[in-house]
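Novice: Can you keep this structure in mind? I'll have questions shortly.
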Amino acid sequence: MPVRQRQEVQALSRSGGLTSAQREKLFRLRREHAKEAPRHELAAVAAEVIGTLIVTLGTVAPDALDRGLGLHLGYGVRAACTGVATMIVVYAFGTVSGAHTNPITTMAFALRGDFPWSRVPHYVIAQFAGAIAAGALVLAILHPARAALHAEMVLGPWPAFWYEIVLTAILIVVNISTAKNGRIIGAQSAIANGATTIFDRWISYPISGGSMNPARTLGPAIVAGGTATWWVYAFAPAIGGVVAVALAWLIQGRPSAEEEMKSGGE
């Protein structure tokens, strides 16, 4: 249910001595919500599967072409493709699901109180499904060396771990800030979020692969046979997400209705 409509329902529910017209309106709003909720959730989950598939293709396909097939796309292209894919997905699906495409984004909005915890499992499962599907498509079509589906980690796991905390905190603060200011910047939040992804990956690509997203990194790794350094991409982004939520409270203050709407695709 859209935030404004939900607020109207809450106001009517709290009102004492409803008139017959108000009572009829309250029942009608509740019936509309009950009817539309399953369809909206199905659309949102489908958007998260497809959106995460696109974003993950933007990560692993360039690596498969460069590292796996030796086509030498170049560092800048490989690192930037994920950010371009993020812009595409936010423009396409932002009003459907919020275009999270990242379990950390979903959990950060839930921690902020913008997004219901009951919907978090649906989104996370959809995101991993999309990422796994992207890895499977790349292997099936391009047949690269499986190592190309793993993130680079030239300095080892611990520098990657600490770096991922910082990178994820930057990304999630921008996610929350653009949602809160959605009325001001509108659809241009796609540019802000995509540019942040490009920036993070440009400064970190050889160190950690610039993940900030467990699904996007671990999904293809699962298809490629697993990775011993899974814990870096499972825990570091989660810590970064919690740090980002705390920073958002400090910088942006309490969540707004606009932020809640943007986070849920309304």
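Values in this text are rule-based calculations from the coordinates and carry no lab data. Keep in mind that this is a model prediction, so the values were computed, not measured. Here the Cβ is made from the backbone with ideal geometry for all residues, glycine too, and neighbour counts use every protein chain on show.
Novice: Which order do peptides 125-138, 218-231 fall in by mean Cβ count within 10 Å, highest first?
Specialist: With the highest mean Cβ count within 10 Å placed first, the list reads 125-138, 218-231.
Novice: Roughly how many debye, to the nearest 20, is the charge dipole of the range 20-263 about its Cα centre, given +1 on each Lys and Arg Cβ, -1 on each Asp and Glu Cβ, and no other charges? Please report the intermediate quantities before stating the final value.
Specialist: Working: 18 positive and 14 negative charges, 132 e Å.
Around 640 debye, computed over the range 20-263.
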